[in-house]
Amino acid sequence: AQGYLVCGGGALNGDAHKALDGTGFMMTLGHHPGTGLGGLVQQGGHGPCEKTMGLSIDALHEAEVVLADGTLKICSLENEPDLFWCIRGGCGNFGVVTRFTFKLYPFDQRIPSLQRVHMPIPYLMPSRDAILKNFRDNCEADMPRNITPILIMTPFPLIEVYTATNKGDTLEMLEPYKKFGKPVDEPHGMRDYIHECSWDILGPKSDQCLSDAYYPTSALLGGLPDEACDIIAKFHASMPEKSSLILYQLGGAAADVPKDATSVYHRDGKYWLVIAAGWSTTSWFSSAASNREKTLKWVKELKDALKPYLNGRYGALTDDRPQDFFNDMTDPSSDPLADASWGANYARLRKLKKLYDPENLFRCNHNIKPEE
């Protein structure tokens, strides 16, 4: 049987999970329940099921779009294919999507899960650096597509999470990932993907980035050499108290799709580091403004240090600067942020922007300027 999910333009991740609960179907969605589905999908849509199901946009079957001139279009691979290509990665530059229709994949909602909780106590437990490199080595040791690894780096502790997402997968498939270190806790068993696993990135109490103030950004990485692991470990040691780093392995089915099949170009990224930087607005000892300034300084320095390892830019999470991606800013005709986001697809996007939105009405986003 084929399942479909129809969502309005204002639907959230949490709404989609609620609609899919108990249906036996799934698609790649994000973790955070408050993330807008329209923004997630039009950026591409990374998520924990992408190695077997592809990006969120790879499940998109049809969309209803209101163009800049008020025209209502229904687009799909067969109908208005250029518009359909644009909205699958074009970050809201081509119209207002008022309805999404997704094709779904059969899915067992209860899946095998392994969590390994590490406390990087000097001389007693593995260091942050060692935990990161072990996670990297696990990812790169012919890890099957059905295994989804995530490393959640809260101020304390660091949590390795491994889940198996194919129908019929068993706990025995996760045994190879239990050999490293001295975890203080190692829960494993069959868990509910929607009600339990999808909350893992929010920390041990499922409240990380749900209170106070936070600033999300990310780094799309072409690999994790030892030097990149050292940088992440160093910055984790000085991470603001309400922040977290979340490291995903990318690829699999998402990387099988040709780069020019949709407007998402950087399907060859190997890892996605989500930087969920947070600060307290109610501290007794410092103001919210000073907490924010300190936190954003930490974010900027981390991204600057990781610049040599960046593969590209994923969507428009924040007000990134061109120098966050390229050192050479001497060519005034270049658009480094566009190159970092869309690569060789940018020229076609500009041509189609001129067709669908010649006056650049939809510009309050990571903007694609119409071709002149």
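Counted by Cβ distance under 12 Å from ARG99, the other residues give a net charge of -1, where Lys and Arg count +1 and Asp and Glu count -1.
Taking all protein chains together and rolling a 1.4 Å probe, CYS197 ends up with roughly 10 Å² accessible.
222 nm [θ] for the chain, helices only, -39500 (n - 2.57) per DSSP H run of 4+, per residue, to 500? Mind dumping the intermediate values first?
Working: 10 runs with 91 residues, N = 372.
Estimated from H runs of four or more residues: -7000 deg cm²/dmol.
For GLU241, GLU50, the ranking by accessible surface with the largest value first comes to GLU241, GLU50, using a 1.4 Å probe. Rolling a 1.4 Å probe over the protein heavy atoms leaves VAL6 with an accessible area of roughly 90 Å².
On the protein heavy atoms, probe 1.4 angstrom, tell me the percent of accessible surface of region 95-157 carried by carbon and sulfur. If you can, show how the numbers build up before the last one.
Numbers: 1450 of 2550 Å².
The computed percentage sits at 57.
For SER238, SER283, give the ranking by accessible area with the largest first, probe 1.4 Å.
If we order SER238, SER283 from most to least accessible, we get SER238, SER283.
With respect to the cross-link table entries LYS270/LYS307; LYS242/LYS303; LYS242/LYS294; LYS259/LYS307; LYS103/LYS353, which display a Cα-Cα separation exceeding 20 Å?
Details: LYS270/LYS307 15 Å; LYS242/LYS303 18 Å; LYS242/LYS294 12 Å; LYS259/LYS307 22 Å; LYS103/LYS353 27 Å.
Violating the 20 Å limit, Cα to Cα: LYS259/LYS307; LYS103/LYS353.
The C-alpha atoms of the chain define a longest principal axis, and helix 128-139 lies at about 60 degrees to it. Under the convention that each Lys and Arg Cβ holds +1 and each Asp and Glu Cβ holds -1, the size of the dipole of the chain around its Cα centre is about 340 debye. Solvent exposure of the chain amounts to 44 Å² per residue of accessible area, where only protein heavy atoms count and the probe is 1.4 Å. Overall form of region 162-274: rounded. Here a/c, set by the Cα gyration tensor axes a ≥ b ≥ c, is under 1.5. Projected over every direction and averaged, the convex hull enclosing the alpha-carbon atoms of region 332-372 yields 2.9 nm².
Count Lys and Arg as plus one, Asp and Glu as minus one, and take only other residues whose Cβ is under 13 Å from that of ASP185; the net charge is then +1.
Of PHE180, PHE100, which has the most accessible area with a 1.4 Å probe, and how do the rest follow in descending order? Could the numbers behind the result be given before it?
Details: PHE180 50, PHE100 0 Å².
Solvent-accessible surface, decreasing: PHE180, PHE100.
Starting from the Cα coordinates of region 33-166, work out the convex hull volume and express it per residue in Å³. Walk me through the intermediate numbers first.
Details: hull volume 19.4 nm³, N = 134.
It comes to 145 Å³ per residue, whole-number rounded.
Taking N as the number of residues in region 93-152, what is its Cα Rg relative to 2.2 N^0.38 Å? List each step's numbers first, then the result.
Working: Rg = 18.8 Å, N = 60, 2.2 N^0.38 = 10.4 Å.
Its radius of gyration relative to the 2.2 N^0.38 Å reference: 1.80.
Surface calculation, 1.4 Å probe, protein heavy atoms: ASP185 sits at approximately 80 Å² accessible.
Treating each Cα of the chain as one equal point scatterer and applying the Debye formula with no solvent, the log10 of I(q)/I(0) at q = 0.08, 0.09, 0.12, 0.14 Å⁻¹ comes out as -0.40, -0.51, -0.93, -1.26. The label point for ALA130 and the one for THR170, both projected 7 Å from the Cα toward the Cβ, are 3.2 nm apart.
The stretch between CYS364 and TYR123 holds 81.7 nm of extra length on full extension. This uses 0.36 nm per residue minus the Cα-Cα distance. With only the Cα atoms considered, region 1-78 has a convex hull volume of 108 Å³ per residue.
The values are calculated or read from the model by the stated rules, or taken from the named source; none is laboratory data. Only a predicted model underlies this, so the values are computations on that prediction, with no experimental measurement involved. Every residue, glycine as well, gets a Cβ built from its backbone with ideal geometry; the counts of neighbours run over all protein chains shown. Surface accessibility is based on the protein's heavy atoms, side chains included, excluding ligands, DNA and RNA. Shrake-Rupley method; radii C 1.70, N 1.55, O 1.52, S 1.80 Å.
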